[in-house]
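Peer 1: A single structure is presented below for examination.
The values are calculated or read from the model by the stated rules, or taken from the named source; none is laboratory data. Since the structure is predicted, the reported quantities are computational estimates derived from the model, not experimental observations. Positions of Cβ are backbone-derived with ideal geometry, glycine not excepted, and every protein chain shown enters the neighbour counts. Just so you know, the surface numbers come from the protein's heavy atoms only, side chains and all, with ligands and any DNA or RNA stripped out. Shrake-Rupley method; radii C 1.70, N 1.55, O 1.52, S 1.80 Å.
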Amino acid sequence: MKIFLDNPCLFEYFGLVLVLLLLFLISCFFKELLVLKKWLGLGLVVVPIVYFYIILESHIINIPFTDDYNLLETVHNFRNSNSFLDSVKILFEQVNQHRFAFERIVMLIMVFLTGTVNIKIQILIGNLFMLGILYLLFLALKRERISWYYFIPVPYMLFNLAYFENAYWGIAAIQNTPLIFFSFLSAYGVARQDRKGWYIGLSFALIATFTSGSGLLTWIVGAIILGFQKRFKLLGQWFGIATCVVLFYFLFDYYFIVSDGEKVWEHPVFNTVFILGFWGNALYLDIPHPLVPVFYEDLVWCVILGAGIALVFFVWFLKIWLGKNPTRSYWFLWGALMFSMGTGAMFVVSRPLANYLMYGGNVLSRRYMIFGVVLVATAYVCILLLSKNSKKLKNVVAVLGMTGFLALNFTSYFTSTIHVRKMYEDLRIDGFFWKNYETFLTTGEEFEDVPFWNHPTRMANLIDTIQAAGLSDLYQFNTFPGHQNIIAETGVKDHLFDGAFEMKIEYRNAGDNLPAKYLIFRATKGKKESPRYFVLASEDHNLVLPALPVPYSVTDFLRKKTYYSDDVQYALFRQKLPAGKYDVWMMSENTSGPQKWRSEFTGKKVFLF
């Protein structure tokens, strides 16, 4: 699948989907094409799913990233624990407000079966739970006897790169996607209104609780559904078990984290807008949002979409409250809405705003956008059920859904594929940075920042431990000489790099939402193969930075029918590099001779102060 790394075949994917859609629409007007219509509809469902996993498989890598190291540490500690109580403490060890027992069990099973933890396999396992979410939403539609053709838009909402950070990050992939599935499955079980369903709801509420902190919401959702179903005996049992679980969660080896921030009710207008924006965050575009006091169009649409979802929830609540004998699908979808929207409410409570949502545009994280994506898909299914008695209205909903979801799907791949590629290349180079400078390219705002809050020895000891135990191999892609010898061993002395190099400086809002200097290194391809890395060489440091292909503009993409141009660049905040005077070299793979890498001087210098 690595062929999709250098060429993600976006033009081919877009073209295939549009051709299938056009043929499907034509087949809708001819009864003679009924068999073809079924196959075309199936193709429209399958293609976005298959493409999502192909892109994912080709762009993820078996290298830990930030909090992944914390789980690797606990897995190692669990394997070496000396008592049952110690094992329980390690399994349920607190990380912020979360208890990641499910994630640790997955990794322990992996270690038991293979002797190591493969982060890539872990990521793929986590993302496979999206298929379960898709299936549960499909069942809700199927039970209401609505044609499966109306379900075709849903995969385009669920399987895209809007939430790419969640999709490629080990701990996020095995946390958030399974969490949503477990919570939805718990609501589905309670919605069955039988004893077996109650056990299903109870079991997966328990699993969700120890997958992420917001899994605690599953108990509230189940209690509300049971209460409205008037199953008071089972509700009492539910409360009793939930109480025991909550007491264990907060009293067993737990410390409370006190926030010094302002409370959510101190700025009710700002935080109301914030929660609406979170519910509609599927429309948050992967583009720079400069630090200026303006209303960004995509964030405005996030708020509008969130308000629309709130309206759907209110109508759905009235349908449940005033309706006679709501079906299993109605109970399930109500629970799915409550969990997804409740997660947004928890997010706002834990991170309240004291200013406008769009001021800076960086308050939403890509790993949390999975909740907004699933919420929109759930709301779409709800709207279909509300309009099921009117074929014309259903058709309008389906057309609008397909148009919007397809536009979001295409936009997410066009804007975010390069960022997934960047993460792939950054993780490959992490071993070089750690071996030579004991820091990571992927972590921290300053050059010498390391995970675990810059503890002087914890990260170094942990890497030595997991390397020795075979749990991970940080250095598997580090084929460079030591940093002092990179230019001496790979540099070409007789000629210069025959492409062009330039450095641009911009100001962008950094993690603290304050403007910071942003460096962009860019080079054009010479007569030979494209360079793979920029090398900044000084007396004290020789820094290797990935040379990422530059995506074409939309116009050039359509004209050239390919995603990447021949130009390469790398961009990062100035504080991530140490000060100094650097010669700029371009490194490429050496196709002749014993040395793997070949570096050519650009003739340019950069001064970083």
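Peer 1: Working carefully through the options W334, W265, find the one that is among the aromatic types (F, W, Y) and free of Cβ contacts under 8 Å to residues at least 12 places away in the same chain.
Peer 2: W265
Peer 1: Still on this structure, I have one more. List pairs: first residue in region 106-121 and in contact (Cβ under 8 Å) with a residue 40 or more places away in the chain and within 14 Å of T74 (Cα to Cα), second residue acidic (D, E) and open to solvent by 50 Å² or more (accessible area, probe 1.4 Å) anywhere in the structure, Cβ distance under 8 angstrom, at least six positions apart or on different chains.
Peer 2: none
Peer 1: Which numbered condition trips up P549, out of (1) assigned to a strand (DSSP E or B); (2) over 33 Å from the mean Cα position of the chain (by Cα); (3) closer than 30 Å to F11 by Cα?
Peer 2: All conditions are met except number (2).
Peer 1: May I pose another question? Sort out which residues of region 438-451 are without any contact (Cβ under 8 Å) to a residue 12 or more places away in the chain and aromatic (F, W, Y), and write them in order of number.
Peer 2: The answer is F440, and nothing else.
Peer 1: Hey, another quick one. Of the residues K435, K493, K525, K504, which is of a type in the set (D, E, K, R), touching an Asp or Glu at 6+ places or on another chain (Cβ under 8 Å) and without any contact (Cβ under 8 Å) to a residue 60 or more places away in the chain?
Peer 2: K525
Peer 1: Kindly list the number of the only condition in (1) under 30 Å from D540 (Cβ atoms); (2) free of Cβ contacts under 8 Å to residues at least 12 places away in the same chain; (3) of a type in the set (A, V, I, L, M, F, W, C); (4) part of a helix (DSSP H, G or I) that fails for A407.
Peer 2: Going through (1) under 30 Å from D540 (Cβ atoms); (2) free of Cβ contacts under 8 Å to residues at least 12 places away in the same chain; (3) of a type in the set (A, V, I, L, M, F, W, C); (4) part of a helix (DSSP H, G or I) one by one, A407 breaks only (1).
Peer 1: Hey, can you tell me all the residues within region 16-48 that are open to solvent by less than 30 Å² (accessible area, probe 1.4 Å), out of contact with any Leu (no Cβ under 7 Å at 6 or more places or on another chain) and not β-branched (V, I, T)?
Peer 2: G41, P48
Peer 1: Out of region 171-181, which residues are outside any loop (DSSP other than H, G, I, E, B) and more than 17 Å from L158 (Cβ to Cβ)?
Peer 2: Once the filter is applied, which keeps residues that are outside any loop (DSSP other than H, G, I, E, B) and more than 17 Å from L158 (Cβ to Cβ), region 171-181 yields only I171.
Peer 1: Could you look through region 56-105, keep only residues that are among the basic types (K, R), assigned to a helix (DSSP H, G or I) and within 22 Å of Y255 (Cβ to Cβ), and pick out the one that is most open to solvent (accessible area, probe 1.4 Å)?
Peer 2: Restricting to residues being among the basic types (K, R), assigned to a helix (DSSP H, G or I) and within 22 Å of Y255 (Cβ to Cβ), the top hit is K89.
Peer 1: Right, next: Conditions first: (1) open to solvent by less than 20 Å² (accessible area, probe 1.4 Å); (2) more than 16 Å from the chain's Cα centre (by Cα). Y356 passes all but one, so which condition is the exception?
Peer 2: Here Y356 clears every test but (1).
Peer 1: Residue check, E12 against (1) within 24 Å of D556 (Cα to Cα); (2) outside any loop (DSSP other than H, G, I, E, B); (3) in contact (Cβ under 8 Å) with a residue 24 or more places away in the chain, all met but one. Which one?
Peer 2: Here E12 clears every test but (3).
Peer 1: Being open to solvent by 60 Å² or more (accessible area, probe 1.4 Å) and either under 20 Å from the mean Cα position of the chain (by Cα) or of a type in the set (K, R) (or both) is the filter here, so list the residues in region 329-349 that pass it.
Peer 2: Residue satisfying the conditions is M346 alone.
Peer 1: Let me ask you something else. Residue check: is G126 surrounded by fewer than 19 Cβ atoms within 10 Å (Cβ to Cβ), under 30 Å from Y13 (Cα atoms), within 26 Å of the chain's Cα centre (by Cα) and not polar (S, T, N, Q)?
Peer 2: For G126, the condition - surrounded by fewer than 19 Cβ atoms within 10 Å (Cβ to Cβ), under 30 Å from Y13 (Cα atoms), within 26 Å of the chain's Cα centre (by Cα) and not polar (S, T, N, Q) - is not met.
Peer 1: For N166, indicate whether it is open to solvent by less than 10 Å² (accessible area, probe 1.4 Å), under 23 Å from G404 (Cα atoms) and outside any helix (DSSP H, G or I).
Peer 2: In short, no.
Peer 1: I'm trying to understand the selection: among the residues of region 292-328, which are open to solvent by 90 Å² or more (accessible area, probe 1.4 Å) and under 17 Å from S387 (Cβ atoms)?
Peer 2: Once the filter is applied, which keeps residues that are open to solvent by 90 Å² or more (accessible area, probe 1.4 Å) and under 17 Å from S387 (Cβ atoms), region 292-328 yields L311, F314, K319.
Peer 1: Give me the pairs: first residue in region 171-192 and within 16 Å of W334 (Cβ to Cβ) and touching a residue at least 24 places away in the same chain (Cβ under 8 Å), second residue hydroxyl-bearing (S, T, Y) and surrounded by fewer than 24 Cβ atoms within 10 Å (Cβ to Cβ), beta-carbon distance under 9 Å, and six or more apart or on different chains, which are they?
Peer 2: Listed pairs, sorted by first residue: L185/S203; S186/S203; A191/T327; A191/S329; A191/Y330.
Peer 1: Yes or no: region 378-390 includes at least one residue that is within 21 Å of the chain's Cα centre (by Cα), modelled with pLDDT of 95 or more and open to solvent by less than 30 Å² (accessible area, probe 1.4 Å).
Peer 2: yes
Peer 1: Within region 434-544, considering only strands (runs of 3 or more DSSP E) that don't extend past its boundaries, which have at least 3 residues that are open to solvent by less than 20 Å² (accessible area, probe 1.4 Å)?
Peer 2: Passing ranges, in order: 515-523, 533-537.
Peer 1: Next question, about the same structure. Only residues that are of a type outside the set (S, T, Y) and more than 19 Å from S530 (Cβ to Cβ): list them for region 562-592, please.
Peer 2: Correct list: L572, F573, R574, Q575, K576, L577, P578, A579, G580, K581, D583.
Peer 1: Can you find, within region 574-609, the residue that is nearest to the chain's Cα centre (by Cα) among those that are over 28 Å from R508 (Cβ atoms) and open to solvent by less than 20 Å² (accessible area, probe 1.4 Å)?
Peer 2: Here the residue is S588.
Peer 1: Within 26 Å of D430 (Cα to Cα) and not in a helix (DSSP H, G or I): does that describe I125?
Peer 2: No: the conditions fail for I125.
Peer 1: What are the residues in region 578-600 that are farther than 17 Å from H495 by Cα, touching a strand residue (DSSP E or B) at 6+ places or on another chain (Cβ under 6 Å) and touching a residue at least 60 places away in the same chain (Cβ under 8 Å), if any?
Peer 2: Result: no residue meets the conditions.
Peer 1: Give the number of residues within region 297-337 that are in a helix (DSSP H, G or I) and under 19 Å from L141 (Cβ atoms).
Peer 2: So the answer is 17.
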